[in-house]
Amino acid sequence: VYLDGQVVNGLTGVPFKAVSGYLTVGAATHNVKVYVAGTTTGPVIDANLTLLPATAYTVAATGLVSAGDLSPLVLVDDREGPAANASFVRFVHLSPDAPNVDIKVMNGPTLFSNVAFRGSAGYDEVASGSYDLEARLSTGGALALSVPDVMLMGSESYTVFAVGLAGDG
């Protein structure tokens with residue numbers, strides 16, 4: 001990963017599903033280039049991203065290199081969190097071959113409905129505690145993924161990402 005023509009320390013040879021910590025970057029429009037590891041020609045992402053002062057962001061590489069549709073998704077993060085007995089939760093759909101999904105609490109309410117690829121939903125306030133979450137197809141309601149024992153601590157903000165290919169399980 002290159003920022004304004006310079007390799008970003010700690011972001012070389014980044015494996016699929018990796019998440020870095022926050023990087024300090026000045027407020028401005030920055031050029032971001034992502035190359036297949038070991039190369040410096042033919043970037044798979046070449047994008048200009050405008051970053052505002054005093055704002056935290058998550059930037060995710062979305063899509064498939066093999067399909068030639070890799071692109072950045074820029075999300076504004078909530079770093080403050082809610083009251084002590086609640087959490088903020090958002091969901092980001094990054095599975096390129098999966099249809100729209102609903103995120104539900106098992107045997108409970110739907111937290112996010114009809115979220116499409118590269119879509120995000122939230123932040124919604126949820127009581128702190130342990131939850132068994134499910135991703136269900138928005139059309140027909142079939143279970144796509146079960147995620148048991150998700151612990152949400154009070155005064156925290158969380159992002160749940162759906163990644164990978166549905167066809168690969």
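The values are calculated or read from the model by the stated rules, or taken from the named source; none is laboratory data. Source: prediction; values computed, not measured. Using ideal geometry, Cβ is built from the backbone for each residue, glycine included, and neighbour counts are taken over all protein chains shown. These area figures cover heavy atoms from the full protein model, side chains too; ligands, DNA and RNA do not enter into them. Shrake-Rupley method; radii C 1.70, N 1.55, O 1.52, S 1.80 Å.
Within the stretch 132-160, how many residues are closer than 10 Å to SER87 by Cβ and in contact (Cβ under 8 Å) with a residue 24 or more places away in the chain?
7
Scan the stretch 68-93 residue by residue and report those that are surrounded by 14 or more Cβ atoms within 10 Å (Cβ to Cβ) and among the acidic types (Asp, Glu).
ASP77, ASP78
Anything in the stretch 3-12 that is open to solvent by 60 Å² or more (accessible area, probe 1.4 Å) and not polar (S, T, N, Q)? List them, or say none. I'd like the intermediate steps shown before the answer.
So in the stretch 3-12, the residues open to solvent by 60 Å² or more (accessible area, probe 1.4 Å) come out as 4, 6-7, 9-10, 12.
ASP4, VAL7, GLY10, listed by residue number.
Working only within the stretch 99-116, note down all residues that are surrounded by fewer than 17 Cβ atoms within 10 Å (Cβ to Cβ) and either within 30 Å of SER71 (Cβ to Cβ) or touching a Phe, Trp or Tyr at 6+ places or on another chain (Cβ under 6 Å) (or both).
Of the residues in the stretch 99-116, the ones surrounded by fewer than 17 Cβ atoms within 10 Å (Cβ to Cβ) are 99-100, 105-110, 113-114, 116.
Listed by number, the residues that qualify are PRO99, ASN100, VAL105, THR110, SER113, ASN114, ALA116.
Is it true that some residue in the stretch 24-34 is surrounded by fewer than 10 Cβ atoms within 10 Å (Cβ to Cβ) and either touching a helix residue (DSSP H, G or I) at 6+ places or on another chain (Cβ under 8 Å) or within 25 Å of PHE91 (Cβ to Cβ) (or both)? Reasoning before the result, please.
Residues of the stretch 24-34 that are surrounded by fewer than 10 Cβ atoms within 10 Å (Cβ to Cβ), as a first pass: 24, 26, 29.
Now restrict to residues that are either touching a helix residue (DSSP H, G or I) at 6+ places or on another chain (Cβ under 8 Å) or within 25 Å of PHE91 (Cβ to Cβ) (or both): none.
Scanning the stretch 24-34, I find no residue that is surrounded by fewer than 10 Cβ atoms within 10 Å (Cβ to Cβ) and either touching a helix residue (DSSP H, G or I) at 6+ places or on another chain (Cβ under 8 Å) or within 25 Å of PHE91 (Cβ to Cβ) (or both), so the answer is no.
Looking only at the stretch 123-169, filter to residues that are among the hydroxyl-bearing types (Ser, Thr, Tyr), over 27 Å from GLY21 (Cβ atoms) and at pLDDT 95 or above; which one of those is least open to solvent (accessible area, probe 1.4 Å)? Full working, then the answer.
We begin by selecting, within the stretch 123-169, every residue among the hydroxyl-bearing types (Ser, Thr, Tyr); these are 123, 128, 130-131, 138-139, 146, 155, 157-159.
Pick out the ones that are also over 27 Å from GLY21 (Cβ atoms) and you get 138-139, 146.
Restricting the remaining residues to those that are at pLDDT 95 or above gives 138-139.
On the way: SER138: 36, THR139: 126 Å².
So the residue we want is SER138.
With respect to the numbered conditions (1) in contact (Cβ under 8 Å) with a residue 60 or more places away in the chain; (2) closer than 23 Å to GLU156 by Cβ; (3) surrounded by 15 or more Cβ atoms within 10 Å (Cβ to Cβ), which one is the sole condition not fulfilled by PRO96?
(2)
Test of understanding: among VAL59, VAL65, VAL19, which residue is within 21 Å of SER95 (Cβ to Cβ), open to solvent by 50 Å² or more (accessible area, probe 1.4 Å) and without any contact (Cβ under 8 Å) to a residue 12 or more places away in the chain? Steps first, answer last, please.
Numbers: VAL59 fails: without any contact (Cβ under 8 Å) to a residue 12 or more places away in the chain; VAL65 fails: without any contact (Cβ under 8 Å) to a residue 12 or more places away in the chain.
Only one candidate passes the filter, namely VAL19.
Within the group THR40, THR50, THR29, THR55, which residue is part of a loop (DSSP other than H, G, I, E, B) and at pLDDT 95 or above? Spell out the reasoning first.
Numbers: THR40 fails: at pLDDT 95 or above; THR50 fails: part of a loop (DSSP other than H, G, I, E, B); THR29 fails: part of a loop (DSSP other than H, G, I, E, B).
Matching residue, one of THR40, THR50, THR29, THR55: THR55.
What's the total number of residues in the stretch 72-85 that are of a type in the set (Gly, Ala, Ser) and modelled with pLDDT of 95 or more?
Kept after step one, since they are of a type in the set (Gly, Ala, Ser), are these residues of the stretch 72-85: 81, 83-84.
Still in the running and modelled with pLDDT of 95 or more: none.
The number of residues fulfilling the criteria is 0.
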